[in-house]
1. In Å and from the alpha-carbon atoms only, list the Rg and Dmax of the range A:337-411.
2. Checking an interface number: how much accessible area is buried between A and B, summed over both chains, with a 1.4 Å probe, in Å² rounded to 100?
3. Treating chain A as a set of equal point scatterers at the Cα positions, no solvent, please give the Debye-formula log₁₀ I(q)/I(0) at q = 0.05, 0.06, 0.09 Å⁻¹.
4. Any idea what the dipole of the protein assembly as shown comes to, in debye rounded to 20, about its Cα centre with Lys/Arg Cβ at +1 and Asp/Glu Cβ at -1?
5. Quick one: pull the percentage of alpha-carbon pairs in the range A:372-415 with a separation above 12 Å.
6. Do the sum for chain A: with -39,500 (n - 2.57) for every DSSP H run of n ≥ 4, divided by all residues, what is the mean residue ellipticity at 222 nm, to the nearest 500 deg cm²/dmol?
7. Evaluated at 20 °C with a viscosity of 1.002 mPa s, what Stokes-Einstein diffusion coefficient in µm²/s does the range A:23-142 have when Rh comes from the Kirkwood expression over alpha-carbon pairs?
8. Please work out how much length the chain gains when fully extended from A:Ala351 to A:Leu20, using 0.36 nm per residue of separation minus the C-alpha to C-alpha distance, in nm with one decimal.
Amino acid sequence: MFTAPHVDWAHLAPVAIVLLAAVIGVLLEAFVPARVRRTVQLAFTLAALAGSLVAVAALWHGVRTSGGVKVLGGSLVVDGPTLVLQATILVLAIIAILVVADRTETGEDAFAPSAASVPGSDHEALARRLGLQQTEVYPLLLFATGGMLVFPATADLLTLFVALEVLSLPLYLLTGMARRRRLLSQEASMKYFLLGAFASALMLFGIALVYGYSSSLHYADIATKIGSPTDLDTLLLVGSVLILAGLLFKVGAVPFHAWTPDVYQGAPTPITGFMAACTKVAAFGALLRFVYTVIPGLKWDLDVVLWTVTIATMVVGTVIAMVQTDMKRVLAYSSVAHAGFILTGVVALDAQGVSSVLFYLFVYGLATIGAFGVVWLVRERDADGLVLGEATHLSQWAGIGRRHPWLAASFALFLLSFAGIPLTAGFIGKFGVFSAAADGGAWPLALVGVLASAGAAFFYVRIVVLMFFADVPEVEESGEPAASTASVSADDAVEPGTDVELATPQGAAVATLVEERPATTVTTVVRSEGLAAVAIGLCAVATVVLGVFPTPVLDLVQHMSTFLP
Amino acid sequence: MHTLMTWAASAPTMLPISEISSGAQPVRGGIYAVAPLLVGLPLASAAILLLAGRRSDRWGHWLGVLASTGAFVVGLLTFLAILGRDASERVLDVHLGTWIDAGAFHLDAGMRLDPLSLTFVLLVTFVGTLIHVYSVAYMDHDRDRRRFFAYLNLFVAAMLVLVLADSYLLLFVGWEGVGLASYLLIGFWNHRTPYAVAAKKAFVANRIGDIGLVVALGLMFSTFGGVDFSTVLGADMSGVSTATLTGIGLMLLLAACGKSAQFPLQSWLGDAMAGPTPVSALIHAATMVTAGVYLIVRSSAIFDAAPTAQLVVVVVGAITLLFGAIVGCAKDDIKKALAASTMSQIGYMVLAAGLGPVGYAFAIFHLVTHGFFKAGMFLGAGSVMHGMDDQVDMRRFGGLARYMKITYLTFMAGWLAILGIPPFSGYWSKDKIIEAAFIPTDGHTWRAWVFGMVALLGAGITAFYMSRLFFMTFEGEKRWSTKADGSAQHPHESPALMTWPMIILAVGSVALGAFLGLGNRFVDWLAPVTGSHEEGDPVLAAPVLVGLTLLVVVVGAVIAWRRYAISTVPVTPPVGTALTRAARVDLYQDVVNDALLVEPGQHLTRTLVYADKAVVDGAAVGVGQSSVGLGRLLRKTQTGFVRSYAATMLLGLVVLVVAVLVTQS
């Protein structure tokens, strides 16, 4: 007989607020007049996220003393790591949405006026002329955030799968909504969807196998069952590897990383920032819980998987990032490399590993959102002075530091934090995960990690050098643009032969179809409306403060890093 | 050690090694409360100069000088306060607060004030301040002078963090800061490509060194459970396996090699001359390159327990010493010749540091005297360039003694000091190192002979190339006529702001060695850190060694005199012997680096680039070409590549599953 589970609304509040707000957000789309819709949606979204954050804060003390509770019949766990991860996701989401909402001085946001229109069609032109705005992005972001809040809290495999889909589907959509280079964007969306579906299928298959082994979907039951030997070990092992594969896909670990560069590049830049930061936090949260509460009994068998993936991720991410020439792809591969660094902390399998991973995720998220925020503001301007899309080719960033020292300095700061240079938060994060790994006996991983970081520092610093030191012809930003600056001589940045897309003369194709890049463009920095500037500033300040005085946050995380079994 | 020097009276207060306390005494209040200003003043000044921007152009450089002077005054007061304490109570720790508290890992931030760190503080701030003053005039015409001073301040602040840190992690912060500041300064005139390349080279070599330090940090943490000096250096080394200690020692040595330009990471130093000359003076004399020596001496407890690592240190020092000296003989660029000499002199210090307790104090002693005479000579070289329209080719100098008297005399003081002519500074420190190298360690007489002879030979070569440099620049007939633009060359003396720092440094080059060396003042002062102990006897009697050294030096100098002062020096370099040609290109170090490191790396990246382009970037290329046809694009990207991504995933998964099943226990 079916008995309705007892619903502990108080502990569900952070999730419930966001998902409810998402549903209301859809209704707002229908009933609020177009003129004020964006303002209302933005305010409502931020309020919902802030409310959810307050709910997390309200639960904090209770969970810290009790150690956590299971809700919804054991399907969700609200314990220390859950709350830390939810708080991290919410804070990062709020900052990321500030970037999403910024229309810059051009008055155009990052999204196609009508995402359903065929690129290059009359419909698109009309929507553009009417100045339509796709404000559905806000409810979509809320749905995705809601899924992310559930993901690390799940304590049974089915909820895990549902949360995965709830967080992924809106992201597939958002990826395809870019205002410029729409084909690239739609293609990225399609790829993300297909590969995501593939990964989900693998995971479902794994869930089925594990269920076949243990006849339960609950983490606690499976963990108990693993303790007692049976002759179905193969079923369990293969099933666990498949589930891990699904989770590793989401964090972007090798060999499940192939989607990352394409999706990061194709998605609207502010969405990339949101996705790169928040998805990674949620996915690592789920991965941590799975590794720490379900399969510790299989440590000896599964270490080979985790070690192989970790090393491959760090090495592949770092090495390929070195030869990229597109800023968004550099950041994408760097995010792959960072997934590897974070995995070293996951493999450590002790309390220090958990807290260091949680800290790392937060600081990585901050730097990521900030970095993509800056990318969003660095644009191309054509011969008529019209502002186009993001100037993502590395050569276009040459000399930006001279003209826009503050923006470039904050970008440099984010890169240095990625590189793990002392006095940035990234250093403390890296130090934490590596020493956790070394402590847990995984010192080879820590060693590879250190070597990979050293290599990674090379391309981060190369960009810093490019921004501040590279030779660049004097370009009058407001005056008439100098010719052929697209082929800026930045011998430092452009490896011969790896160049992917230098300026192609505009063909007969419609503007939005392809590269909107005429032969001569100059790089310009558009003024933010204020929101993105605030977001970048927040990220920069936090990156420095957490680098110099990490103790309060480390302390906070420290006491909340025990999983409820 | 019975040397000619011990005739000076005052029996040193000997501390047995066992009494050296690695556990520092905590102090607070009084003068120690303002000690953080040592770092704070230059750091604040750097921040102000960078943030205020062009608004501070008019007064910015004076703020920089003021901050550096302030740091020196604070350092001096701290020094006097510590001097007032008993020798056994001179190792102090100023606690600044909890830095990181993450479960098993707890680390406080604090400052270690002891004779070793204060020696560095005084050297860095004093020589640094003089270089600041000099730069006010030297950089007068540069529109970015304010930014230059901000970087100089940053450099000084980072170096002070490095030497004042009370843990390896905080030291690492300073270590990176020094790297960053040097990178900014070497590339200061980055509008010319070779300069940017030089900055990059320095950066890469330093990163390789940094890996060593990071790995050492990890090893220390897993071995001792902490990375602060008290925990690591105060630990009972007998309980730790020698292999681990050797590993830590070698990693620290790697770090030191990167920072101090020791073999095999020496190649960046010569190229780093691209920066403005005061930067070279700062890097070579007071900061940066001395950091490696500091690291080794600071970690003496580890090296003492790891004889193999110690031997490697000595070998590295010996190789670099000869390497730098040989390269120095062939360079015609005055700054590059001086750079080679720095490399060689730091080689002496590293060699001394590797000799163990016998050499620590002498390594630091030589570091201090070298700091004075090398800074003086670099500033002198800058003054020559200033008067000669930025000419650096010594074959275009000659006979300048008449035109720039002060530069000539101050440079001469530095020259005599580096040669080790008594009673100039270098004699007191370098001779001690040579003598220490001749003392057998652990009864290995052959080692004493090998390293002693290398050190002795190095002294002779040093005498030759430094005299060559000196004679080619100041003596002989004049070989300059016109400037680059064709107008007549008028060598002139530099303004007072530049000459006074040179004069002060020259006084140091003349007298500092005797002041510190007489009565073993300096060795005793360092004793609470380095310890003092019974030393063995050198394989040759000390007076014989002193005589031999002087003889070798005089021979080297006389050869140089005959070839470069009284005979005509060709303006275009002659072809030269095979050795000369090799030395001109730094003994092929770039070729070797390319063959061993760069090319395999490039092949690896090329392969990966190909894979990346074929598999991953295909889509992007497709988009770029899509003006040709939308249909083909869609077909190409959407079916082809997603399939290959999925295939990658599947293949990877299969590999992982198979791996699990195969290794299943």
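1. 17.8, 59
2. Details: alone 20940 and 26970 Å², together 42020 Å².
Interface area, both chains combined: 5900 Å², rounded to the nearest 100.
3. -0.20, -0.28, -0.64
4. Details: 71 positive and 80 negative charges, 368 e Å.
The calculation lands at about 1760 debye.
5. Everything past 12 Å amounts to 63 percent.
6. The helix contribution divided over chain A gives -21500 deg cm²/dmol.
7. Result for D is 128 µm²/s.
8. Contour length minus Cα-Cα distance gives 115.8 nm.
The values are calculated or read from the model by the stated rules, or taken from the named source; none is laboratory data. These numbers come from a predicted model, not from an experiment. Neighbour counts run over all protein chains shown; Cβ positions are idealised from the backbone, glycine included. Surface areas here come from the heavy atoms of the whole protein model, side chains and all, with no ligands, DNA or RNA. Shrake-Rupley method; radii C 1.70, N 1.55, O 1.52, S 1.80 Å.
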